[in-house]
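Here's the structure, in C-alpha cells; my notes come after.
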Amino acid sequence: MAHLPAFGKLILCVLATLAVAACDNLPRTAPVEREVVEVASGEVADFAVYPVTREFLPIVAAWPGTGNRHLGWIPTSGGARTSVIGTGDQLRITVWDSDNDSLLTNSDPSTVIEALTVAPDGTVFVPYVGNVEVAGLTEQLARVELQDRVDLVAPQAQVQLELVQGRANSVDLVGGVNNAGRFPMPDRNYTVLNLIADGGGVQQGMENPQIRLIRGGSIYGTSIDRLFAEPGLDTLLHGGDRVIVEEDRRYFLSLGAAGEQNQHRFPQDHLTALDAISIIGGVEGRRGNPGGVLVLREYPHSAVRPDARGPDQARVVFALDLTNADGLFSARNFRINPGDLVLVTESPVTGVQTIFGLVGSAFGLVNAANNATN
C-alpha cells in the first residue's frame, strides 16, 4: 500500500477545508464539492480537476494506469498429448534377455535399472551401453533410442522404459486451492485450469480469485473468472512453473458523506465509478451531494503531460455529477483504479448536526486515512 501515503496531503487539505467551513456554517463532516474544486483554481493548487463526461471518457482511458502494477498473461497454444523427458527426470529401465550369457541380465531373464537420473546434458548412463541422449524425447522415442543402443551389445534383448517425472516435468501449485502441492505433468497439454482442478479447485469464500504464474524470472497474472470466460487464455504450463491462487488485493477507499467510509476490495476485474458508489452504500441521503462525487487519484510524474495524453498534474480530482443522464452514464463507464479515493461531498444545504457527531465523523475520516496508509 505504498502508493497511498501520497494521498495524505490531499486528505489533510480536505480536512482543513472542513475546519474552515465549520466556522462559517453548520458543522459538516464532508467537504462541499465547490470548496474542493475552488482550491484547484487557486495559485497554490497542486492538483487538477476534470469533470467526468462522455467526451472526457476516451481521453482518460488512454492515460497510464495507476495502483498495482499491470501483469501480462500468456495465451494458450497446442501441445503434444505425450510427456517429454527433461533433465532431472528419472527413468526406470527393464531389460529382458533370453540369452543365458547376457552381459545385461547376468543369466537372469530380466534386470531392472532403477532411478536413472537424466543429467544436465540430457543423457542417462546405461551400463555396457554408455551415455544415451533422451532429453526432449517422449517415452516411446526414448525407448526406441535405448533399444537401438542395446541391440549393439545384446541383439536379443528387449527394453522397457518407465518415466518417473522430476522437477522439469512437474509444476507447483502453491496455495489458494484445497490440495496444494507438486503435480506431475501428464502431457504437454497441461493447462492452468487443469492444474487447479487437480488441486481440488479454488478454496471457497475467496473473492475474485487471482492467478499468479511464476515462470523463470517473470510473473504473469489474471483472474480465474477471465480464464473461464476466455478459454484461449488457459495457458499451457511448462515444467518448473509455479502457480499461486490468491484473493484480489486491489482496493479503493471511500470517505465523506458516503454510506460507508472504509477500504473496499475489488470484487471483480473491472470496477466503474457507479459500481464503487453501489459498494460504498451510495450517497447518504440526508446530507450527501450526488452532484459532487469526487474520485481522487495520483499518477506517476512521468504521466504528466501538457496535452490530452496525460493529466496536467500528478494529483487529480475527477468530478462526477449523478444528477443528470450524462453524468450517470459516464460514471457507469469511468474506471476506478486501485488506490483511488471516492469522496462523496456534502450538499451545500445541510441538516442540523451535533458537535459530537462532527468530532466523531472527523476522527473517523482521519482514522480511515491513517489505516489505509499503514
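Quick note: the coordinates plus some simple rules give every number you see, no bench work behind them. The shown structure was predicted, so the numbers you read here are calculated from the model rather than taken from an experiment. Neighbour counts run over all protein chains shown; Cβ positions are idealised from the backbone, glycine included.
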Quick one: grab the alpha carbon gyration tensor of region 171-246, order the square roots of its eigenvalues as a ≥ b ≥ c, and give me rounded if a/c is under 1.5, else prolate or oblate depending on whether a/b is larger than b/c.
rounded
Under 17 Å from a point 7 Å along the Cα-to-Cβ line of SER278: which residues of region 244-272 have their amide N that close?
252, 259-260, 264-272
Quick one: PHE228, PHE56, fewest Cβ neighbours within 10 Å first, how do they rank?
PHE228, PHE56
